[in-house]
Amino acid sequence: MDNNNGENNTPANLLFALDIGTRSVIGLVGEQLDNSIKILHCERQEHHTRAMLDGQIHDVMEVASVLSDVKTKLEKSCGPLKMVSVAAAGRALCTIKASAEIESSGRGVLSPSDERSLELAAIQNAQRQLATSQAIPDPTSYYCVGYSVIKFSLDHTVLKSLVGQRGRLAAIEVIATFLPRQVIDSLQSAVETVGLEISTLTLEPIAAINVLIPPTMRHLNLTLVDVGAGTSDVAITRDGSVIAYGMVPFAGDEITEAISQAYLLDFNVAEGVKRQLNETTQNVSFTDVLGLPQEIPVKDILDSISTKVCELAQAIAAQIVELNGSSPQAVLLVGGGSLTPLLAKTLAEALELPPARVAIRRPDAVENIVDIPPDLCTPDAVTPLGILKLANSRTLHFVNVTLNNEPLHLFNLGSLTIADALLTAGLDIRNLRGRPGLGITICINGETKFIPGTHHTPGKITLNGEQAELNAALHENDIITVAKGTDGSTPAPPLNEVAQIPAGYQVKINEDIHQVTPFISVNKLPADPNTKLKDRDDVSYYIPYNLEDVLKQAGQSSECIDYFYTMNGTERIFSLWPKYTIIRNQAEITAIPSTKIQPNDKIALQPLPKPTIGELLGMAEEIGDHITITFNGKKHTISTRQYTFRLNGAPAELSTVVPSGSNVEYSCTEQPAPMLSSVLLAVKFDPRTLPNGKRVDTLINGQHAEYTAPVKNGDSIEVVVIN
């Protein structure tokens, strides 16, 4: 929140800092002098219950009650307090290295505002990296709570500061820290409950490192570990800057819990026992939950917690090595948990450092802070002093806005825009504009056709009731409303909207009226004019205009009919093609399957007779070698081959009808000079036509001949009745 807005009764030169820890709350009020801060008032109070665990507020109202007590006591000495600086523990901490650069050749001498703009640009780049990160499930639920400058550079030369410099290309590299929104929201809720507004927010290890490791010491590879009650925050320096921040979700409460479990103690009683474990005390007295008084040697209690202390040291050492790549030159322990017995010694062993290189530090003297009272020269006062020191520096400030009727707290990164608010709220800016619908491509009878998608509806953004753009600047208490745009749709048109399907027509088939309709298929599957089309569909359609297609649609076969039979022991097939007649304009047309059909044609299907033996054999009559004779004055052709036919075992002739599946047999006898009797049979002479009682004579060429006499080509045969 911007401390230049809203009512503020706190004197402008007073700074108010709160260290809201897992175990206790420390409040400091200082006076801003020219180049330093003078401590005016201090108030410390422990939580009544375990309202905070691992740096996370679990009971907002209980924490707010303690904050109210601290605030009330301080206000008795310094007057009303409105704005406060706070720090968050590194629970679920996410750190990102980011950089930014600007063309500085036209800027002249670089100013502090130029340097500040570069810092904010790098933080925004870190936010963008986080927004597209796959490292955490929901990047939009994280707040940037602090940052440290790793290095400045001007024209690729590393500098401590850009102010007063002149060059072509200014650049910066920072390490930005992010925490889950839940951590920040609960912290802000507790602060607002007691009538305070957060003016600046930082990270606890950032605050602590500004007290104990000033820039002049950061060329050393040092590690600061702020061991609180719930978390152990880690910060590492090297090569002149802070290179990493981290967190271990274990701290002093783990040791207190071990004592509580070992001796059946209330948690607060166990905390009191832990604080008595020092070199000057030999025995500790307490009463367990059963009401039994006990007096235990300090050595025994230390033995009971040694395993937990070792686990805590190992976890801190592992985080240090992970961030630093190896053991540092030295470790500085701060925070109330740093007084845990055996911790410094055990951590030195875990990092393979000399015991003297792991030390508990107290803020006896802090650069730019004067008159530190004796009760603040303790390890747990480092972080609150750091928060106070950063209270008037270039840390992150809040700006309050409303987005779609929901309050939104933004960190003031210098030039906040609507786009920053949407990014913080987790809204995808790309969805605001809407996207045009995807078009589809279909193939219609071999020709490709593209159908575009529908248009999108653009989103609408208003700022304080006025139409606004994404780059519009934000200020305290601005009201933003965002209506998302709607995407266009992908078309799914019915076939009859994209293709000119031909109209049908009528024909008559054997006196039945038939409506001829188009054949339609989509992707080779039957379809109709209302079929919905999709991308890459292959459409085919045509109207039947030949006899075969018309009959097929009407369910009439235009294919041949096969007859199966056996001829002299050999299986054979005889095919008969249907015969059609088309009546058009009172004219009859013999048709075949490919004959074109016109509207109102009458199609007659003629019944097919079953085939005869002659048709099976291709013999319309007995053919072959023959002779020509004259019988009783008429010429006849007589075959010189004699055929014999049998159908299914019975005598048959060429004209005998053969059903499908029949057995046909035939034989042929050669007769180059047939006998007279055979000729008379061939000419179908019927003796019953002769008069009864008369004598008959047969003549060949006028000469009497017997029935066995041979007949030659050209002979004349007569049957004469003799009176």
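What's the number of the only condition in (1) assigned to a loop (DSSP other than H, G, I, E, B); (2) of a type in the set (D, E, K, R); (3) crowded, with 19+ Cβ neighbours inside 10 Å that LYS71 fails to meet?
(1)
Which condition does GLN319 not pass, out of (1) surrounded by fewer than 23 Cβ atoms within 10 Å (Cβ to Cβ); (2) more than 19 Å from PRO249 (Cβ to Cβ); (3) touching a residue at least 12 places away in the same chain (Cβ under 8 Å), if it passes all the others?
That leaves (2) as the condition not met.
If you go through the range 281-330 one residue at a time, how many are part of a strand (DSSP E or B), of a type in the set (Val, Ile, Thr) and more than 60 Å from the chain's Cα centre (by Cα)?
2
Would you mind telling me which numbered condition in (1) surrounded by fewer than 22 Cβ atoms within 10 Å (Cβ to Cβ); (2) under 25 Å from LEU312 (Cβ atoms); (3) modelled with pLDDT under 90 VAL211 fails?
Result: VAL211 passes all but (1).
Pairs under 8 Å by beta carbon, first residue within 22 Å of ALA131 (Cβ to Cβ) and surrounded by fewer than 16 Cβ atoms within 10 Å (Cβ to Cβ) in the range 97-115, partner among the charged types (D, E, K, R) and modelled with pLDDT of 85 or more, six or more apart or different chains?
Filtered contacts from the range 97-115: LYS97/GLU173.
Of ARG695, ARG688, which residue is out of contact with any strand residue (DSSP E or B) (no Cβ under 6 Å at 6 or more places or on another chain) and of a type in the set (D, E, K, R)?
Criteria check complete, one pass: ARG688.
How many of the residues in the range 460-487 are part of a loop (DSSP other than H, G, I, E, B), modelled with pLDDT of 85 or more and buried (at least 16 other Cβ atoms within 10 Å of the Cβ)?
Residues meeting the conditions: 3.
Mind listing whichever residues of the range 339-354 are over 47 Å from the mean Cα position of the chain (by Cα) and closer than 22 Å to ARG238 by Cβ?
First, the residues of the range 339-354 that are over 47 Å from the mean Cα position of the chain (by Cα): 339-346, 348-349, 352-354.
Selection gives ALA344, ALA348, GLU352, LEU353, PRO354.
Say whether the condition of being in a strand (DSSP E or B), touching a residue at least 24 places away in the same chain (Cβ under 8 Å), in contact with a strand residue (DSSP E or B) (Cβ under 7 Å, 6 or more places away or on another chain) and surrounded by 14 or more Cβ atoms within 10 Å (Cβ to Cβ) is met by at least one residue in the range 591-600.
Among the residues of the range 591-600, at least one is in a strand (DSSP E or B), touching a residue at least 24 places away in the same chain (Cβ under 8 Å), in contact with a strand residue (DSSP E or B) (Cβ under 7 Å, 6 or more places away or on another chain) and surrounded by 14 or more Cβ atoms within 10 Å (Cβ to Cβ), which makes the answer yes.
Does the range 5-14 contain at least one residue that is closer than 30 Å to VAL248 by Cβ, at pLDDT 85 or above, of a type in the set (A, V, I, L, M, F, W, C) and crowded, with 16+ Cβ neighbours inside 10 Å?
Checked the range 5-14: no residue is closer than 30 Å to VAL248 by Cβ, at pLDDT 85 or above, of a type in the set (A, V, I, L, M, F, W, C) and crowded, with 16+ Cβ neighbours inside 10 Å.
I'd like the residue in the range 493-534 that is small (Gly, Ala, Ser) and in a loop (DSSP other than H, G, I, E, B) and, out of all such residues, is farthest from THR441 (Cα to Cα).
The residue in question is GLY504.
Condition first: farther than 21 Å from ASP715 by Cβ, β-branched (Val, Ile, Thr) and either touching a residue at least 12 places away in the same chain (Cβ under 8 Å) or not assigned by TED's automatic domain parsing to the domain that holds SER716 (or both). Now tell me which residues in the range 642-691 satisfy that.
THR644, THR656, VAL657, VAL658, VAL664
Are any of the residues in the range 489-509 closer than 30 Å to ILE592 by Cβ, touching a Cys at 6+ places or on another chain (Cβ under 9 Å) and in contact (Cβ under 8 Å) with a residue 40 or more places away in the chain?
Taking every residue of the range 489-509 in turn, none turns out to be closer than 30 Å to ILE592 by Cβ, touching a Cys at 6+ places or on another chain (Cβ under 9 Å) and in contact (Cβ under 8 Å) with a residue 40 or more places away in the chain.
Residues of the range 679-723 being over 14 Å from THR628 (Cα atoms) and among the polar types (S, T, N, Q), which ones?
Passing the criteria: THR689, ASN692, THR698, GLN703, THR708, ASN723.
Yes or no, residue by residue, for (1) loosely packed, with under 15 Cβ neighbours inside 10 Å; (2) outside the structural domain of PRO710 (by TED's automatic domain parsing); (3) over 29 Å from PRO518 (Cβ atoms):
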site: ASN546; (1), (2), (3): no, yes, no
site: ALA554; (1), (2), (3): no, yes, no
site: TYR563; (1), (2), (3): no, yes, yes
site: THR566; (1), (2), (3): yes, yes, yes
site: ARG572; (1), (2), (3): yes, yes, yes
site: SER575; (1), (2), (3): yes, yes, yes
site: ILE589; (1), (2), (3): yes, yes, no
site: ILE603; (1), (2), (3): no, yes, no
site: ILE638; (1), (2), (3): no, no, yes
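Hey, among the residues in the range 414-426 that are in a loop (DSSP other than H, G, I, E, B) and touching a strand residue (DSSP E or B) at 6+ places or on another chain (Cβ under 7 Å), which one's modelled with the highest pLDDT?
LEU416
Would it be correct to say that LEU179 is crowded, with 23+ Cβ neighbours inside 10 Å and assigned to a loop (DSSP other than H, G, I, E, B)?
Details: crowded, with 23+ Cβ neighbours inside 10 Å: yes; assigned to a loop (DSSP other than H, G, I, E, B): no.
Answer is no for this residue.
When ASP601 is evaluated against the numbered criteria (1) in contact with a helix residue (DSSP H, G or I) (Cβ under 9 Å, 6 or more places away or on another chain); (2) over 23 Å from THR708 (Cβ atoms); (3) modelled with pLDDT under 80, which criterion, by number, is the only one it fails?
Condition (3) is where ASP601 drops out.
Among the residues of the range 302-312, is any closer than 21 Å to LEU224 by Cα and surrounded by fewer than 18 Cβ atoms within 10 Å (Cβ to Cβ)?
yes
In the list THR200, THR223, which residue meets the criterion of being of a type in the set (Ser, Thr, Tyr), within 43 Å of the chain's Cα centre (by Cα), at pLDDT below 85 and not in a helix (DSSP H, G or I)?
Answer to the selection: THR200.
The values are calculated or read from the model by the stated rules, or taken from the named source; none is laboratory data. Remember, predicted model here, so these are calculated numbers, not experimental data. Positions of Cβ are generated from backbone atoms using ideal geometry, with glycine treated the same way; all protein chains shown enter the neighbour counts.
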